[in-house]
Every structure is written in structure tokens, then in C-alpha cells.
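The values are calculated or read from the model by the stated rules, or taken from the named source; none is laboratory data. What you see is a predicted model; the values in this text were computed from it and never measured. Surface areas here come from the heavy atoms of the whole protein model, side chains and all, with no ligands, DNA or RNA. Shrake-Rupley method; radii C 1.70, N 1.55, O 1.52, S 1.80 Å.
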Amino acid sequence: MGERCFIKAHNEPEPIGGGSKASYAIGMAYEVDCQRIPLLWVALFDEEDLKSVIVPEHFLEDAAPNVTIPTLHASKSRTINTFERRIPVLRKHIDPAIWPFVELFQKAVEECKYSHIELDLHALWWMQGKSADRLKKSIVKHLAVYESDASWCALYGDKLIADTSGLYGLPFFDSPFEGEIELPWCHATPDGGVEPSEPR
């Protein structure tokens with residue numbers, strides 16, 4: 001199992017870093033072995049949402065020296081609007097057979113009970129040689145896929161995305177919303193629907 005990055009939700013107007021006492025909920029995680037940020041996570045943000053956050057150099061040790069790394073952070077309302085703008089591009093490149101999973105992801109964000117959404121990319125920074133510049137370039141490259149077909153194909157190829165493995169991370173694996181999967185702000189029902197949950 002590789003190190004993991006997270007999409008998390010909280011009520012803070014700025015990214016929350018190491019040592020913060022702010023509470024937050026983990027929505028999803030992914031293993032960074034593939035070196036890519038899940039497609040639908042990136043679809044929540046644009047380049048104006050690229051910010052910096054101070055974290056311990058080693059993500060398992062709060063007492064480690066602090067470093068500044070890039071992150072994506074925005075209000076929930078902004079992420080919803082950004083995602084809606086991305087839908088035409090997503091529809092163009094995603095197989096219709098798995099489109100319901102895109103809609104369920106969108107619904108999960110809409111049902112979030114917190115005011116802000118942030119990507120915790122600490123592990124990806126670590127795996128990419130602990131270089132803030134390299135991680136920033138990677139984020140910008142992921143965001144650029146919505147600007148042109150050439151940028152999309154350079155990162156994802158020219159075939160329709162036909163499986164869910166690159167859409168988002170754990171706990172969904174390759175068959176998201178199958179069974180009773182809990183999220184901090186929503187949960188999937190056995191019939192494939194989604195219902196809101198209270199924040200933990």
C-alpha cells in the first residue's frame with residue numbers, strides 16, 4: 001500500500017496545515033503510487049484555488065520541521081460552480097456507462113455539511129522528491145486538461161475513460177457506491193443512491 005492523499009472538508013477560510021486545531025472530515029483518499037490526482041478532485045478547482053499550506057516535513061511526525069507546499073482549497077459553493085463548468089469537458093471524455101458515478105461524486109460534494117474543501121497532497125509532495133515546484137507544476141498540468149483537448153490527451157490519452165479507477169480515490173476502488181459506503185458528509189445506499197449524513 002502506498003502513501004495516501006486526501007480530499008477533506010472543513011469550515012476554515014484558508015488551508016489547514018500541520019499543528020492546526022481545526023476539525024475536518026476526510027471525504028476520500030487515494031494511493032499516490034500512480035502519481036496522478038484523481039480526475040474528479042481536480043474538477044472541483046481552477047488555478048485561482050492553488051494556494052500554499054504549511055505542513056510538517058514528514059506527514060507522520062507533527063514534530064518534524066515545517067515546509068510550505070501547494071494545495072487546492074476553495075469554498076464549497078465555489079467548487080460546486082467550478083465542477084458544473086467542467087461538466088461539458090468531462091462528458092466529452094468519459095464513457096457514458098460510468099457517468100452515473102460522476103453524478104454521485106457531484107452529489108456527495110453538494111451534500112457536504114462543511115463550508116470549504118481542500119486537497120491534502122502532502123504524500124504526493126513527498127513521493128515527488130519533496131519539491132514544492134514540482135508538485136505545483138503537476139497541479140497546474142492537471143488543471144490544464146480543461147483548457148484544451150491537447151492538454152487532456154497529454155495526461156489522460158485520447159480514448160474515453162471507461163473505468164472508475166482514475167475518477168476518484170478510496171474507499172471506492174474500481175466499483176464506487178457499491179453497498180453501504182460511508183463518507184463524512186454523505187453515504188451511499190444499497191440501491192446506488194446517496195443520502196446526506198451529519199458531520200462527525
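Observations, loosely collected:
- Relative contact order (%) - criterion: Cα under 8 Å, at least six apart; region: region 5-99: 26 percent
- One quarter of the surface of the convex hull around the alpha-carbon atoms of region 1-137 equals 8.5 nm², the direction-averaged projected area.
- In the structure shown, the pairs 51/113; 113/136; 76/159; 8/136; 92/141 are assessed against 27 Å; a Cα-Cα span above that value is assigned to 113/136; 76/159.
- List 52, 148, ordered by accessible area with a 1.4 Å probe, largest first: 52, 148
- Among 76, 136, the order of accessible area from largest down is 136, 76, computed with a 1.4 Å probe on protein heavy atoms.
- Solvent-accessible ranking of 107, 113, largest area first, probe 1.4 Å: 113, 107
- Here the accessible area of region 1-149 is 49 percent carbon and sulfur, with a 1.4 angstrom probe and all protein chains present.
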